[in-house]
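Structure record follows, encoded as structure tokens.
Laboratory data are not the source of any read-out in this text; all were calculated from the coordinates shown. Computed from a predicted model, the values in this text were never measured in an experiment. Positions of Cβ are generated from backbone atoms using ideal geometry, with glycine treated the same way; all protein chains shown enter the neighbour counts.
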Amino acid sequence: MYYSNIKYCDIANGPGVRTSLFVSGCTHRCPNCFNSVAWDFHYGESYTDAIEEKLMESLAPGYVAGLSLLGGEPMEPENQRTVLGLCQRVRRELPGKTIWCYSGYTLEELTGECRARCTTDEALQILQLLDVLVDGEFVMEKYDISLRFRGSSNQRLIDVPASLESGHVVLWQDDPLFETHRMM
């Protein structure tokens, strides 16, 4: 797998301070994508053990809330094995951190409810490790700058554990303490 960028101390792609990994490769090719350079599966740098060590080190401090996976497309079948390994390691070594994943695929496609290119055993294993899935392709006609943690109104912020447990989509609810502090 290749990656196009890593943002340490990112505050735009999930709550709190996060480390964000932008993987390379995307077949969606959404018009007006903010990261179209990462559509190419070989764009950027090769994801190596050394890069993974840097990611893990960046996640270790107490002020870092977690990992965000973006793209390109983290849930492309070509990227899933590496993404799965990283998520498993974060859960094992840093169990208090949250994992968010941004995908143009929907939860229904990833679980196989609606069969798609991304429907694999690895996708199901990744979902078991996620806290939040921001799903759906970016749609320019539904672009809304006021939306938190997403670009277009068709995209959902899904509480993955609650959704998998209940068998239906449960939307993520922001921490009310965060909202209270933000308004002060």
When a/c is below 1.5 the answer is rounded, else prolate if a/b is larger than b/c, else oblate, so apply that to the chain with a ≥ b ≥ c taken from the square roots of the Cα gyration tensor eigenvalues.
rounded
With a/c under 1.5 counting as rounded, go ahead and sort region 94-152 into rounded, prolate or oblate using the C-alpha gyration tensor (a ≥ b ≥ c being the square roots of the eigenvalues; past the cut-off, prolate if a/b is larger than b/c, else oblate).
oblate
Need the list of aspartates and glutamates near Lys54 for cross-linking: C-alpha distance under 17 angstrom, and skip anything on the same chain fewer than eight residues off.
Asp10, Glu45, Glu93
Beta carbons within 10 angstrom, averaged per residue: use that to sort the peptides 48-59, 133-144, 64-75, 21-32, highest first.
64-75, 21-32, 133-144, 48-59
